[in-house]
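Contents: one structure, followed by commentary.
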Amino acid sequence: MIFWKLFCTFCKIGIFNFGGGYAMIALIQNEVVEKNAWITAAEFTDVVATSQITPGPIGINVATYSGYMAVTNAGYDPFFGVLGALLASFSVVLLPFVLMLLTCKYLSKYHSHPVVGAILKALKLVVVGLIAAAAVLLVNRETFGSFSDSPLQFVLSVSLFAAAFFLSLKYKTNPILLILVSGIVGFFVYYCIA
């Protein structure tokens, strides 16, 4: 049954995730798109985009939307999709919550031990790798389009990405402003011109 599989999958994602929400995106994409084929790559890109503009932690938002999409794509009623969303959200935080309680108990006692320091340094490297993997996963045809299919869409997507990257890196531009401007430009080009 899809609900049991959702529970097991998101528990596994939660327990093996280090580094927060952006690091979790690669794990979720691998499970829901590649392994289980619950949603398509295009749907997953939409899920990530929606998760970035909704309030709350991005990893949990992606899990929530992925759970909903997985259940509704399996042919269930949208009511069961909501149950799938709740189950995915609960599952992704259940084991990390328990592990955090146990870790805090022992970490406060052994925080100055050299082995603990070495483990935390190694985890920092893992986190960088997971976040980089999430970024690479989002550089795909669904996000940027294809130059052969639609040169305008591809050039606009790459230009908006480059401009947003430059403005946020160089001038520390507010991300909400970048999202709004990109959305307005996209709307204008795709619905008013094209």
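The values are calculated or read from the model by the stated rules, or taken from the named source; none is laboratory data. Bear in mind that the values here come from a model prediction, so they are computed numbers and not experimental data. A quick note on method: Cβ atoms are made from the backbone with ideal geometry, for glycine too, and the neighbour counts reach across all protein chains shown.
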TODO: For residues that are surrounded by 14 or more Cβ atoms within 10 Å (Cβ to Cβ) and of a type in the set (A, V, I, L, M), scanning just segment 159-180, find the one that is nearest to Asn140 (Cα to Cα).
DONE: Leu160
- [ ] Report yes if Ile184 is part of a helix (DSSP H, G or I), touching a residue at least 24 places away in the same chain (Cβ under 8 Å) and among the β-branched types (Val, Ile, Thr), otherwise no.
- [x] no
Open item on the list: For the condition surrounded by 20 or more Cβ atoms within 10 Å (Cβ to Cβ) and without any contact (Cβ under 8 Å) to a residue 40 or more places away in the chain, what is the one hit in Tyr65, Tyr110?
Closed with: Tyr65
TODO: Report those helices (runs of 4 or more DSSP H) wholly inside segment 1-112 carrying at least 1 residues which are hydroxyl-bearing (Ser, Thr, Tyr) and within 27 Å of Ile176 (Cβ to Cβ).
DONE: 21-29, 41-53, 58-73, 78-110
Task: Scan of segment 32-60 for residues that are touching a Phe, Trp or Tyr at 6+ places or on another chain (Cβ under 8 Å) and either surrounded by fewer than 20 Cβ atoms within 10 Å (Cβ to Cβ) or among the hydrophobic types (A, V, I, L, M, F, W, C) (or both), ordered by number - done: Val32, Val33, Val47, Thr50, Ile58
Task: Selection status of Ile179, in a helix (DSSP H, G or I), touching a residue at least 24 places away in the same chain (Cβ under 8 Å), outside the structural domain of Leu27 (by TED's automatic domain parsing) and in contact with a helix residue (DSSP H, G or I) (Cβ under 9 Å, 6 or more places away or on another chain) - done: yes
- [ ] Working only within segment 13-30, note down all residues that are without any contact (Cβ under 8 Å) to a residue 40 or more places away in the chain and closer than 19 Å to Leu83 by Cα.
- [x] Ile28
Open item on the list: Of the residues Val98, Val92, Val127, only one is β-branched (Val, Ile, Thr), at pLDDT 90 or above and surrounded by 15 or more Cβ atoms within 10 Å (Cβ to Cβ); which?
Closed with: Val92
- [ ] For segment 136-158, name all the residues that are in a helix (DSSP H, G or I) and surrounded by fewer than 12 Cβ atoms within 10 Å (Cβ to Cβ).
- [x] Val136, Pro151
